[in-house]
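Derivation of every value follows stated rules applied to the coordinates shown; laboratory data play no part. Please read these numbers as outputs of a predicted model, since none were measured by experiment. Neighbour counts run over all protein chains shown; Cβ positions are idealised from the backbone, glycine included.
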Amino acid sequence: DKGTYPFYMLKEVDEQPVVMRKLVQEYLDTDGSPVIEPELLSRMQQADKLYVVGAGTSYHAGLIGARLFERLTGIPTQVFISSEFAYEQPIMSKKPFFIFLTQSGETADSREVLVNVKKQGWPTLTITNVPKSTLSREATFTLLLHAGPEIAVASTKAYTAQVALQAILAKGLGMAMRKQLAIDFDVKQQLGLVAVGMQAIVDSKDQLESVAARYLAQPRNAFYIGRGIDWSVALESALKLKEISYVQAEGFASGELKHGTIALIEDKTPVIGIITQDRTAGLTRSNLQEVVSRGASVLTIASKHLAQPDDTIVLPDVDELLTPLLSVVPAQLLAYYTSLGKGLDVDKPRNLAKSVTVQ
Ligand code: M6R
């Protein structure tokens with residue numbers, strides 16, 4: 001039931017702070033240590049490489065997860081689009097461990113990979129929102145997202161739940177492996193900050209509604225740009241905008257723009273820069289300057305400690321690895337209000353179904 005909300009998507013965006021707290025409650029004990037099935041941790045520890053597989057938004061969540069796993073456990077991790085992996089399996093490491101990300105647990109492309117991987121005898125984990133779903137039943141292990149039903153076709157709270165749960169799992173695995181590098185990442189405290197930060201962003205809806213009306217209502221195309229983890233969020237942000245508002249949006253690595261794609265920038269093309277990482281903030285800002293001088297309408301989503309006076313949206317500070325949990329929220333809302341402003345059916349965009357059960 002969507003209660004007083006006009007669309008499920010807005011309700012689901014608003015639920016994200018609660019989902020963060022729910023994950024803390026489900027997976028972290030009072031002193032903040034992850035509580036994860038020991039058998040799962042021991043199988044993961046034996047792996048020489050983690051393979052993360054997903055489609056659409058779940059693939060984008062995997063892009064963030066890979067960084068979390070590598071940084072907190074030291075295990076090399078690679079992310080794959082399920083429909084690609086299914087038909088072009090790369091040269092495999094000796095001891096692979098597979099992580100399937102799927103909100104619905106029913107995505108045919110992802111299941112195809114799972115079936116093949118099982119035939120080859122490799123251990124698998126499904127991270128899903130739906131208990132007893134196909135991919136949950138068929139994998140060796142399951143972790144549930146506890147995000148509550150996600151009804152809108154555009155996935156929102158499942159993305160942030162997938163990112164947060166991968167952070168918890170990576171932390172738990174890092175601790176089990178006694179990795180020194182994990183020690184100062186207090187996942188419980190960080191997810192608490194994330195929940196508060198998300199609440200502040202969803203409380204600033206009016207501002208996002210007017211930004212959407214002013215900059216995104218008219219143009220036929222738009223860009224989200226960023227580097228590293230911000231680029232991964234740019235991909236997810238662009239998908240949201242495309243899927244529900246039909247603006248042709250592209251998520252782009254900001255340094256790559258000048259190698260060709262900048263030719264698409266015209267007067268008033270919206271270019272939204274995501275700036276949350278110390279090492280690359282200055283570089284992304286200079287890439288934004290390059291598009292300003294070609295007439296683009298530049299907007300910015302920046303972390304507080306990197307913010308400048310004319311940034312459009314300022315995000316509360318959290319650990320650099322967890323910034324996607326905040327930077328994606330304004331992008332979700334910009335997509336929502338652009339779609340709403342055009343009078344579209346936000347929850348049921350054309351040509352799309354909630355779960356894609358064909359390959
Ligand atoms: O249920 P899944 O997470 O496996 O679904 C994967 C994609 O179909 C899904 O994320 C899709 O891209 C969404 N419509 C994005 O908002």
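Phi-derived couplings, Karplus 6.51 cos²θ - 1.76 cosθ + 1.60 at θ = phi - 60°, listed residue by residue for segment 6-11: x, 9, 4, 4, 5, 4 Hz, with x used for Gly and Pro. The lysines whose alpha-carbon is closer than 19 Å to the alpha-carbon of residue 2, local same-chain residues fewer than 8 away aside, are 11, 157, 205, 348, 354.
Near residue 222, the amide H atoms lying under 5 Å from its own belong to 248, 249, 250; only residues 5 or more places off or on other chains count, and H is placed 1.01 Å from N.
For segment 275-359, a Kirkwood hydrodynamic radius built from all Cα pairs, placed in the Stokes-Einstein relation at 25 °C and 0.890 mPa s, yields a translational diffusion coefficient of 161 µm²/s.
If only the Cβ of Lys and Arg carry +1 and only the Cβ of Asp and Glu carry -1, the dipole of segment 240-359 around its Cα centre is close to 360 debye.
Fully extending the segment from residue 345 to residue 120 would add 76.7 nm, taking 0.36 nm per residue of separation and subtracting the current Cα-Cα distance.
Evaluated on segment 121-177, the Kirkwood hydrodynamic radius is 12.4 Å, with distances taken between all distinct Cα atoms. Across segment 97-103, rounded Karplus estimates of 3J(HN,Hα) from the backbone phi angles (6.51 cos²θ - 1.76 cosθ + 1.60, θ = phi - 60°) give 10, 9, 10, 9, 9, 7, 4 Hz, Gly and Pro being marked x.
Of all DSSP bridge pairs formed entirely within the chain, close to 5 percent run antiparallel.
Summing charges over neighbours of residue 78, with a neighbour being any other residue whose Cβ is under 11 Å away from its Cβ, gives 0 when K and R count +1 and D and E count -1. Under 12 Å Cα to Cα from residue 132, which aspartates and glutamates show up? Leave out anything in the same chain fewer than 8 places away. Here the aspartates and glutamates satisfying the reach criterion relative to residue 132 are 106.
Shown is the FRET efficiency for residue 26 and residue 283, computed with R0 = 35 Å from the Cβ-Cβ distance and rounded to the nearest 0.05: 0.35. May I ask for the net charge around residue 100, where only other residues with Cβ less than 13 Å from the Cβ of residue 100 are counted and Lys, Arg are +1 while Asp, Glu are -1? Every neighbour counted, the sum reads -1. Given a cut-off of under 8 Å on Cα pairs at least six residues apart, what relative contact order in percent is computed for the chain? Reported as a whole number, the value is 20 percent. If the chain linking residue 151 and residue 87 were pulled fully straight, counting 0.36 nm for each residue of separation and taking away their Cα-Cα distance, it would gain 20.0 nm. Quote the Stokes-Einstein diffusion coefficient, in whole µm² s⁻¹, for segment 84-221, based on the Kirkwood radius over alpha carbon pairs, a temperature of 25 °C and a viscosity of 0.890 mPa s. After rounding, the answer is 138 µm²/s. Can you classify segment 1-90 as rounded, prolate or oblate using the Cα gyration tensor, where a ≥ b ≥ c are the square roots of its eigenvalues, rounded means a/c under 1.5, and otherwise it's prolate if a/b beats b/c and oblate if not? Oblate.
According to the square roots a ≥ b ≥ c of the eigenvalues of the Cα gyration tensor, what is the shape class of segment 195-292, taking rounded for a/c under 1.5, prolate for a/b larger than b/c otherwise, and oblate for the remainder? The shape class here is oblate. Answer with one residue from 104, 204, 28: the one whose Cα lies farthest towards the positive end of the charge dipole of the chain, charges on Cβ with Lys, Arg +1 and Asp, Glu -1. Checked the options; the winner is 104.
Proximity of backbone amide H atoms, modeled 1.01 Å from N, is registered between residue 141 and 124, 125, 126 at under 5 Å, excluding neighbours fewer than 5 places apart on the same chain. As a ratio to 2.2 N^0.38 Å, the alpha-carbon radius of gyration for the chain is 0.95.
Residues whose amide H falls under 5 Å from that of residue 49, counting only those 5 or more places apart or on a different chain, are 95, 97, with hydrogens built in the peptide plane. Here segment 1-157 has an Rg and Dmax of 16.0, 53 Å, counting Cα atoms alone.
In order along segment 116-133, the Karplus-derived 3J(HN,Hα) couplings, from 6.51 cos²θ - 1.76 cosθ + 1.60 at θ = phi - 60°, round to 5, 5, 5, 4, 8, x, 8, x, 9, 10, 9, 9, 9, 8, 10, x, 6, 5 Hz, and Gly and Pro are given as x. When only the Cβ of Lys, Arg, Asp and Glu is charged (+1, +1, -1, -1), the dipole of segment 179-267 relative to its Cα centre reaches about 140 debye.
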